[in-house]
Every structure is written in structure tokens, then in C-alpha cells.
Amino acid sequence: MRRLLTAGAAATVLVLGTTACSGTTKDNSSDTGGGGQTAAAADPNAPLKEGLKIAYLPKQLNNPYSDVETGGGKVAVGEIKGEYKLVGPNDASASSQVSYINTLIQQQQDVIVVAANDPNAVCPSLNQARAAKIKVITFDSDANKDCRDAFINQATTQGIGESLAKMALEQAGSAGGDIAILSATPNATNQNAWIDVMKKELAKPEYSKLKLVKTAYGNDDDQKSFQEAQGLLQSFPNLKVIVSPTTVGIAAASRYVSSSSYKGKVQITGLGLPNQMREYVKDGTVKEFALWNPADIGYLAAYAGAAMASGQITGAQGEKFKAGKLGDYTIGADGEIVLGPPTVFNAQNIDQFNF
Ligand code: RAM
């Protein structure tokens, strides 16, 4: 089987799409930054402020992915001697985060780090926060760029979409066939952006053997994702691959398939947490999937937020800042900061990862 990457080292990485470090430093006084508001000039030598109140608002609290992500944030906030806070809804529905943002404004947080459940539903509240001088950093799932100061993207959107399509092609085998997507919520900015790239890839001649028959939504709810996986398999008897670009969906689909007659006949791939997927890789249900280290996203977001709240950066393209153990980062177009390339996990390397 053709591998996406050369395996061997602990971190097998996919280098796809563009990198984070594009752009050169511009005259910040004339730049409006990622948020579309006129920003004060950045002072890269300003000291990092201590005691910053940095609040995390993930898509939902009861998701192991969010736990790892915000765990990394907590470590970074500790390193920079800030005050860490974690709040969030129990479901990832479009408007579930609004009341939390309003409370964080009242509490006069310095930075809100948010994974938007919907790119627009959170915008009025996020802009109220910015009007109250709170820096808004999106991570994982972006909001509309007019209502945040910077976005921490886990990898390039293009790279993630391409890797999902490539893994589907590999897992479908030489004859190809029907594939389906099991996504998170219908509004999720991140999954929708990845699926858009994936569909563009599937339209290319090299993917002509694959037919996307359905995109189902498990809403990042374990039970609903399990049922949706079951429904896809029953509705499409010729299904070869389920691609799930969500850690909740891929784990639920794998659990269903691993104890069904579809095991070995239908492949599951997508984005998963190694600790949740290990048993399905070991029992042969899953051959490969991808992800990044979610802890690093939360960690990077804290440093970006602190650099912004300290006046070192404004969110303008080309600005640089330091992110502790992760090293130096440069802000790209539209206030985007890219963590790095994703890793592909398989039976050979999965035991080298613990998250
Ligand atoms: C789920 C969430 C999250 C996404 C990962 C891959 O945990 O939808 O937003 O980034 O999957």
C-alpha cells in the first residue's frame, strides 16, 4: 500500500499545503490586523505582562480532544504567570457559547481563546469583548475573521483536506468505490473547511475511483455519531470507507465497525486521538488516521494571546512572537497562525504517542 509518508521517526509528518511562515513584516501602523479593526502599533520588545486573565472556551467540555487542548493551554498560562480559566457548553450547537462569552466580558478577562461552534453566531459577543479591550484568539475552529484578532490553526486547512482525501483513496483499495463522511456539527467552521478542500480533491482525475455518497453529522456526540455510522453502513451496502474528520466521530465509527460484520470490509479513517484509536488500530479495524497534538494548539494560543495583550503583536501579517517550548511563530494572512503539519498514525508508530 502506498503510504502518505515515510515512516520511521517518532513524528511522521505530512507536509502539505502552505506553511505558517509566509509573509514579511509590514509597517504595522498601517495594518488593520486579522480582526479588521485599526490596531495600535506592535512593540515586539514589550515585556510579556504577568497576571493576564486568559479564558478558554472550547466547542464543548465533554470531548477528550478539548481536554487535551485546554490542558496544553493551562500549562502555558502557568508558564507565563497568568490566570487560567476554562468554561464551555456541553454541546457543540451553534449558539451554545454566546452566554459564556458574555460572562467572560463581565469578568474582564484579558484574553478569550475560543473554538467557534459557528463562524457567525459568536460574532456579536466576540466583538463586544474586543470593544471591551479583550483580545480574542480563535483556535481549532475559526470564527468569521472580522470578529477575532488571530486564529490558531492546527495545520493548514488545505493540508488537512488533502490528507483526508489521500487517506480515503488509500483505504478504498485499488478498485475504489463509495465513501462517506461522518462529520461533527453541520455548522463547524473547521470540519466544513476541511470537507470543502476534500471535495475539491475528489473532483480531480486521480480520485475518479471514489464516489462520495453522503456527508452525515454526528454533532460531536458519541451516541449520535455511533448511530450515524451504523446508518451509513446500512444505507450504502457498497461503502468502502468512512472518513471522519472529528475525533468524536472516528472513535464512535470505529467502535461500531470493530464489533460488527463490517470489520475488515469497511475502512475507517480521518482525524483521531491516538489514545482513543489505539485499540482499533491494534484490532485491525483502522489502518491509518491523522492528527496533531491538541495540547500544542492550546499552548500556542496562550502565548499568542499573551503577546497580543502585552502589545508585542496586533494580529498583522508578518508579526513574530515566541511561544515557549514551541519556538518562534509568524502571523500569516488574515491573522492565521499555523501550528505545524499533522502526523499520520498507524500500527507502526501509534505506541509512540500518548494523547
Ligand atoms: C473533534 C472536534 C474538534 C476537531 C477534532 C479533530 O474533537 O470537532 O473541533 O478539531 O475533532
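Taken together, the values in this text are just the output of simple stated rules run on the coordinates, not laboratory data. A quick note: this is a predicted structure, and the numbers were derived from the prediction, not measured. Ideal geometry is used to build each Cβ from the backbone, glycine not excepted, and the neighbour counts take in all protein chains shown.
Neighbour counts of other Cβ atoms within 10 Å put 337, 134, 80 in the fewest-to-most order 80, 134, 337.
Roughly speaking, what is the centre-to-centre gap between region 45-110 and region 264-325 when only Cα atoms are used, to the nearest Å? Each part's Cα centre sits 16 Å from the other's.
Beyond 13 Å, what share of the Cα-Cα pairs of region 294-355 is found? Please give it as a whole percent. Result: 65 percent of Cα pairs exceed 13 Å.
Cross-linked pairs 59/320; 85/135; 200/320; 53/74: Cα-Cα separations exceed 21 Å for 59/320; 200/320. Footprinting exposure proxy ranking of 355, 321, fewest other C-beta atoms within 10 angstrom first, gives 355, 321.
Angle of helix 157-172 to the longest C-alpha principal axis of the chain, folded into 0 to 90 degrees and rounded to 10: 10°.
Of all DSSP bridge pairs formed entirely within the chain, close to 20 percent run antiparallel.
Entry note: the chain has Rg to Rh equal to 0.98, where both radii use alpha-carbon atoms and Rh is the Kirkwood radius. By the count of other C-beta atoms within 10 Å, a proxy for reagent exposure, 66, 96 are ordered fewest to most as 96, 66. Reported to the nearest whole Å, the Cα centre-to-centre distance from region 146-164 to region 166-200 is 16. Considering only alpha-carbon pairs that sit under 8 angstrom and 6 or more positions apart, the relative contact order computed for the chain is 26 percent. Here is the size of region 157-291 from its Cα atoms: Rg then Dmax, 13.1, 36 Å.
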